[in-house]
Amino acid sequence: MIPLAGMPQVIVIHDLSEARRVMEGMAVSPPGVSIMDRKALFRVVRLKGLDVRAANILKQEMLSRGGEVAISRDVYEMRGGEAECLVMGTASQFERLLPKLKEQPFGLRAVGESVAAALAHFEQRHPTCHACLASADRPMVMGVLNVTPDSFSDGGDYFDADAAIARAWEMVEEGADLIDVGAESTRPWSEGVGVEEELSRLLPVLRALGGELPVPVSVDTSKAAVAAAALEAGARIINDITALRADPEMVAVVRDAGCPVILAHMKGTPGTMQEHPEYDNVVEEVYAFLAERLNWAVDQGVAEANLLVDPGIGFGKSTEHNLALLRQLRGLRCLGRPVVLGASRKAFLGRLLGIEEPKERSVGTLVTTALAALEAVDISGCTTSVDNAGGSRSAGLVPGGPTGGALRRVGTWRYGSRGWRSTRTTGPRQKSARPVAVMCWTWPCLCRPAVPVKPTLWPIRSTTGP
């Protein structure tokens, strides 16, 4: 089920200062914050929209089991209409609490079921998904291929169909697990193109790749006509940055095709999204948006197993908003769907690192890819695949990561002029090469950064070997 009642979300709290900030934002009194902050370093679930009576019952039930519920004074004094709660406890305390809620009034039965689903999703290592994505037992890297003249990071490089086709094979050789092809720029302040123009750019590439490419192809579009033609030409996945909102026919296309669809958060449109984006709480609002879109898609007949979510880094968000979302990526797993992250070469990385040229932001991209793997993100989109594939898989092997820290060989690699490259057999464009090394298990960096990194942002230890 999609956990909607109470909008439960596991909040990842790393230290006491973060716990205090969350409670202070809910108007908990200073003495209350001091008493409860140390109890937050377990499982911490935020609930919204509860009846104040339900919130008080919930607090008493969790207290009796050794846990705690932070609420405002107004809620405690039974004032106001709706309540927010921060429920804190160990897994054992939650297990003893949730069955009891089934017997309680004021909507607590539904809230208990929703919290149980959210916690189960949060602990789930590999969400159930479509067969074309179900084989991976590690974070996947999605190679981003822009067949446009004006995309922000590589516009024009692969506008020619032959160049795009060659690049698709090259990204697979570099380690990409799927290829995302976009024929319409969605950079800030872009105006978009019509269906015919988008198809004229896209279809020659898809038809040439046909069924030969050994990895699935995703198409980045918000137009139903483009999606239908792309699926007929061999695409397997639709990546819709509008989360099925732009074209009313899109939901029928993906439903009838039975294909996976990525639902992304975007505030506004590409032409307006970066005009002073504002949120009261960007993490809560993005989470609530994705939960609503998932529920809507399921109501329209889309199989839940075919849905993926993307917080939409850089789509209607400031640098601060993007960083807040990156800090709470793991909480998106409460939705029970695979999480996709696209931060490659984004402008906020340029601002943080002081780098204007998007193609020189590789180190920032590599760090966000490794961070995504550590935070149990399932798919990371990258314009360059070679180092990001290694970084994602290495980070995924860290204890607590999505592969549970189980050390395993994830591919044989060779070193060349373009860095470390996979030597696995991928198709007719694969060049034979004698393996000279295997990929190192070390995180966070596989190659020497091209630019200095500010240590206050991301401390990276560089190495010169694989």
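The values are calculated or read from the model by the stated rules, or taken from the named source; none is laboratory data. All values derive from a computational prediction rather than experimental measurement. FYI the Cβ positions are ideal-geometry reconstructions off the backbone, even for glycines, and counts take in every protein chain you see. Areas reflect the complete protein model, heavy atoms only, side chains present, ligands, DNA and RNA absent. Shrake-Rupley method; radii C 1.70, N 1.55, O 1.52, S 1.80 Å.
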If you scan the range 63-90, which residues turn out to be in contact with a Leu (Cβ under 8 Å, 6 or more places away or on another chain) and surrounded by fewer than 20 Cβ atoms within 10 Å (Cβ to Cβ)? Arg65, Glu82
State all residues of the range 91-150 that are under 30 Å from Thr186 (Cβ atoms), out of contact with any helix residue (DSSP H, G or I) (no Cβ under 9 Å at 6 or more places or on another chain) and among the hydroxyl-bearing types (Ser, Thr, Tyr); if no residue qualifies, say none. Ser135
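Filter the range 24-53 for residues that are part of a helix (DSSP H, G or I) and crowded, with 22+ Cβ neighbours inside 10 Å and give the result.
If the condition is that a residue be part of a helix (DSSP H, G or I) and crowded, with 22+ Cβ neighbours inside 10 Å, then Asp37, Ala40 are the ones that fit.
Identify, please: which residue in the range 295-316 is part of a helix (DSSP H, G or I) and out of contact with any helix residue (DSSP H, G or I) (no Cβ under 8 Å at 6 or more places or on another chain) and is, among those, nearest to Leu335 (Cα to Cα)? Explain how you work it out, then say what you get.
Going through the range 295-316, the residues part of a helix (DSSP H, G or I) turn out to be 295-299, 304-306.
Subsequent filtering for residues that are out of contact with any helix residue (DSSP H, G or I) (no Cβ under 8 Å at 6 or more places or on another chain) retains 295-296, 299, 305.
Numbers: Asn295: 10, Trp296: 13, Asp299: 16, Ala305: 12 Å.
Taking the candidates together, the pick is Asn295.
Answer yes or no as to whether Arg330 is in contact (Cβ under 8 Å) with a residue 60 or more places away in the chain and part of a helix (DSSP H, G or I).
Values: in contact (Cβ under 8 Å) with a residue 60 or more places away in the chain: yes; part of a helix (DSSP H, G or I): yes.
Spelling it out, Arg330 is indeed in contact (Cβ under 8 Å) with a residue 60 or more places away in the chain and part of a helix (DSSP H, G or I).
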Tell me the residue from Gln60, Gln93 that is of a type in the set (S, T, N, Q), over 15 Å from Ala5 (Cα atoms) and crowded, with 17+ Cβ neighbours inside 10 Å, please. Gln93
Please list, ordered by first then second residue, the pairs with beta carbon atoms under 8 Å, 6 or more apart or interchain, first in the range 36-60 and touching a residue at least 24 places away in the same chain (Cβ under 8 Å), second surrounded by fewer than 23 Cβ atoms within 10 Å (Cβ to Cβ) and of a type in the set (Lys, Arg). Val52/Arg79
Hits in the range 16-35 (condition: among the charged types (D, E, K, R) and free of Cβ contacts under 8 Å to residues at least 12 places away in the same chain): Glu18, Arg21, Glu24
Out of (1) open to solvent by 40 Å² or more (accessible area, probe 1.4 Å); (2) over 23 Å from Glu82 (Cα atoms), the one Arg109 does not meet is (2)
Within the range 122-130, identify whether any single residue is touching a residue at least 12 places away in the same chain (Cβ under 8 Å), of a type in the set (Val, Ile, Thr), open to solvent by 10 Å² or more (accessible area, probe 1.4 Å) and assigned to a loop (DSSP other than H, G, I, E, B), and answer yes or no. yes
Long-range neighbours under 8 Å by Cβ, at least six apart or interchain, first residue open to solvent by 40 Å² or more (accessible area, probe 1.4 Å) within the range 158-170, second part of a helix (DSSP H, G or I): Tyr158/Ala164; Tyr158/Arg167; Phe159/Arg201
Return the residues of the range 57-75 that are assigned to a helix (DSSP H, G or I) and touching a helix residue (DSSP H, G or I) at 6+ places or on another chain (Cβ under 7 Å); say none if nothing qualifies. Ile57, Leu58, Glu61, Met62, Val75
Among the candidates Ser72, Ser64, residue that is modelled with pLDDT under 95 and out of contact with any strand residue (DSSP E or B) (no Cβ under 7 Å at 6 or more places or on another chain): Ser72
